[in-house]
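J.: The structure is given below, and queries will be raised subsequently.
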Amino acid sequence: MKIESWYQQNFEHHLLGRYISMEHVYPLLEMYNLKYEISVIGVSEKGQDIPMLKVGKGDKVVLGWSQMHGNESTTTKALFDFLKFISQDTVFKTEIEHFLNTYSFYIVPILNPDGAACYTRVNANNIDLNRDALSLSQLESQCLRKLFEELKPSLCLNLHDQRSIFGFKSGKPATISFLSPAADEERTVTTARKVAMEQIVKMNAILQKYIPGQVGRYDDSFNNTCVGDTFQKAGAPTILFEAGHYEQDYQREKPREFIFYALVALFDIIGEGSAPEYKAYFNIPENLKNFNDFILRNVTIPTQKETVSIAIQFKEFLQNKSVDFKPFIDEIGGLDTRIGHKEADLNGGEILTIPQESLTVGMDISKIIDKTTNSVIFSYNFI
């Protein structure tokens, strides 16, 4: 059986959508309790437990954590897809056995349980944990640092989501992105960085089969307040994962699949097996902020002498334990360098908007109507 077929039939169906909290994860931890070592490594600022799973018994120690930003849940879903995959003995038995004997993979599914519960990037004290590596002011940050120092991992996986604004000059979106963080201001390619780059090259080779031209890398400017930079500086190869946008999949179910493939490639369960060359990392295109969720082209509006384009971006809000997407006007102008995940061209026509007020950047907008035809061009339920 091909791994794609296994995935389509067996991904972790208990985790769906953008809102993933400890409430969703605890039943799965209970299910794996007899199979893997599960421990509590600390508590959040509001006193929630931070659980960790240990998978495998090998000498290569890998530490991975997800939802450091509470509203970035795609990689959490992918981690549980990976757990389900290595827990079965129907397909890839030899490869999985080799993985379990080679690696000890320590997984923190949700580092920021308070933020996850509220669907916020920050923790309960409004602190971005990925900017707390220097001061270690938060219990969650202290927990991760203590774990890092105790385990002395040979590889760290810092798992995140990225916004839908990233893409490339080619016009394709950045569906998955990586970074081998800098270890100093000079961005020296240290031994640790080389190892991280090699692993990224390996994962990129697999992902090109699924999303050709849609894998990017982030700018590697050094920031000593970031966890990845700090761990890389300490000599532990560290990889930043970023799950992004794929077509009109705002629930991020396809990107979770691609992160899953990246993980099985990382651990040599799938792949060519040839030694990757770290320099190929620099051939991966760097992310640009050149996308919007929707762009309406060539619109005539009373406040402008020439036709303009209107860029609309969705913001996410938690409502009744579900994530709601609300559209806001992001920019009005020529927007020649911007690309919409979806676009419409009004060819100079005028529009009516709901709510009906003058168009300004930052305003929320539920509906756009073609004034000539009275047809709906964009609506709140666009996605």
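J.: What about Arg252, is it touching a residue at least 12 places away in the same chain (Cβ under 8 Å), basic (Lys, Arg), surrounded by 18 or more Cβ atoms within 10 Å (Cβ to Cβ) and out of contact with any Lys or Arg (no Cβ under 6 Å at 6 or more places or on another chain)?
T.: On the way: touching a residue at least 12 places away in the same chain (Cβ under 8 Å): yes; basic (Lys, Arg): yes; surrounded by 18 or more Cβ atoms within 10 Å (Cβ to Cβ): yes; out of contact with any Lys or Arg (no Cβ under 6 Å at 6 or more places or on another chain): yes.
Against the criterion (touching a residue at least 12 places away in the same chain (Cβ under 8 Å), basic (Lys, Arg), surrounded by 18 or more Cβ atoms within 10 Å (Cβ to Cβ) and out of contact with any Lys or Arg (no Cβ under 6 Å at 6 or more places or on another chain)), Arg252 qualifies.
J.: Can you name every residue in segment 356-370 that is among the charged types (D, E, K, R) and either part of a strand (DSSP E or B) or closer than 19 Å to Glu343 by Cβ (or both)?
T.: Asp364, Lys367, Asp370
J.: Separate question: Here are some conditions: (1) of a type in the set (Asp, Glu); (2) under 26 Å from Asp370 (Cβ atoms); (3) at pLDDT 95 or above. Glu257 meets all but one. Which one does it not meet?
T.: Condition not satisfied by Glu257: (2).
J.: Still on this model: Taking Ile165 and the conditions (1) surrounded by fewer than 23 Cβ atoms within 10 Å (Cβ to Cβ); (2) closer than 20 Å to Pro237 by Cα; (3) in contact with a strand residue (DSSP E or B) (Cβ under 9 Å, 6 or more places away or on another chain), which numbered condition does it fall short on, given that it satisfies the others?
T.: Here Ile165 clears every test but (2).
J.: Among the residues of segment 91-103, how many are outside any strand (DSSP E or B), in contact (Cβ under 8 Å) with a residue 40 or more places away in the chain and under 18 Å from Tyr261 (Cα atoms)?
T.: Counting residues in segment 91-103 that are outside any strand (DSSP E or B), in contact (Cβ under 8 Å) with a residue 40 or more places away in the chain and under 18 Å from Tyr261 (Cα atoms) gives 7.
J.: What are the residues in segment 237-287 that are in a helix (DSSP H, G or I), within 15 Å of Leu207 (Cβ to Cβ) and over 13 Å from the mean Cα position of the chain (by Cα), if any?
T.: Tyr261, Leu263, Val264, Ala265, Leu266, Ala280, Tyr281, Asn283
This table checks each residue for (1) part of a strand (DSSP E or B); (2) out of contact with any Cys (no Cβ under 6 Å at 6 or more places or on another chain); (3) surrounded by fewer than 15 Cβ atoms within 10 Å (Cβ to Cβ); (4) free of Cβ contacts under 8 Å to residues at least 12 places away in the same chain.
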| site | (1), (2), (3), (4) |
| --- | --- |
| Ile41 | yes, no, no, no |
| Glu45 | no, yes, no, no |
| Val61 | yes, yes, no, no |
| Gly64 | yes, yes, no, no |
| Thr75 | no, yes, no, no |
| Leu79 | no, yes, no, no |
| Phe82 | no, yes, no, no |
| Phe85 | no, yes, no, no |
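J.: Within segment 11-34, restricting attention to residues that are surrounded by fewer than 19 Cβ atoms within 10 Å (Cβ to Cβ) and among the charged types (D, E, K, R), which residue is nearest to Asp81 (Cα to Cα)?
T.: By that ranking, first place goes to Glu30.
J.: Ok, one more. Consider segment 84-120. How many of its residues are among the hydroxyl-bearing types (Ser, Thr, Tyr) and at positive phi? Walk me through how you get there before you give the answer.
T.: In the first step, residues of segment 84-120 are kept if they are among the hydroxyl-bearing types (Ser, Thr, Tyr); the result is 87, 90, 94, 102-104, 106, 119-120.
Then keep just the ones that are at positive phi; that gives 119.
Within segment 84-120, residues that are among the hydroxyl-bearing types (Ser, Thr, Tyr) and at positive phi number 1.
J.: Considering every residue within segment 179-192, establish whether at least one is assigned by TED's automatic domain parsing to the domain that holds Ala78, surrounded by fewer than 17 Cβ atoms within 10 Å (Cβ to Cβ) and either in a helix (DSSP H, G or I) or in contact with a His (Cβ under 7 Å, 6 or more places away or on another chain) (or both).
T.: yes
J.: Residues of segment 104-138 being without any contact (Cβ under 8 Å) to a residue 40 or more places away in the chain and under 14 Å from Gly70 (Cβ atoms), which ones?
T.: Once the filter is applied, which keeps residues that are without any contact (Cβ under 8 Å) to a residue 40 or more places away in the chain and under 14 Å from Gly70 (Cβ atoms), segment 104-138 yields Asn126, Ile127.
J.: I'd like to check something: does segment 267-278 contain any residue that is out of contact with any Pro (no Cβ under 6 Å at 6 or more places or on another chain) and farther than 30 Å from Lys57 by Cα?
T.: Among the residues of segment 267-278, not one is out of contact with any Pro (no Cβ under 6 Å at 6 or more places or on another chain) and farther than 30 Å from Lys57 by Cα, which makes the answer no.
J.: Sticking with this one: All but one of (1) in a helix (DSSP H, G or I); (2) buried (at least 23 other Cβ atoms within 10 Å of the Cβ); (3) in contact (Cβ under 8 Å) with a residue 60 or more places away in the chain hold for Ala196, so report the exception by its number.
T.: Evaluating Ala196 over (1) in a helix (DSSP H, G or I); (2) buried (at least 23 other Cβ atoms within 10 Å of the Cβ); (3) in contact (Cβ under 8 Å) with a residue 60 or more places away in the chain leaves (3) as the failure.
J.: Right, here's the next one. Would segment 104-112 turn up any residue that is part of a loop (DSSP other than H, G, I, E, B) and either under 29 Å from Ser5 (Cβ atoms) or not assigned by TED's automatic domain parsing to the domain that holds Leu28 (or both)?
T.: Of all residues in segment 104-112, those part of a loop (DSSP other than H, G, I, E, B) come to 109-112.
Going one step further and asking which of them are either under 29 Å from Ser5 (Cβ atoms) or not assigned by TED's automatic domain parsing to the domain that holds Leu28 (or both), we end up with 109.
Yes: segment 104-112 contains one or more residues that are part of a loop (DSSP other than H, G, I, E, B) and either under 29 Å from Ser5 (Cβ atoms) or not assigned by TED's automatic domain parsing to the domain that holds Leu28 (or both).
The values are calculated or read from the model by the stated rules, or taken from the named source; none is laboratory data. Note that this is a predicted model, so its numbers are computed, not measured. Counting neighbours? That spans all protein chains shown, and the Cβs are built from the backbone with ideal geometry, glycine included.
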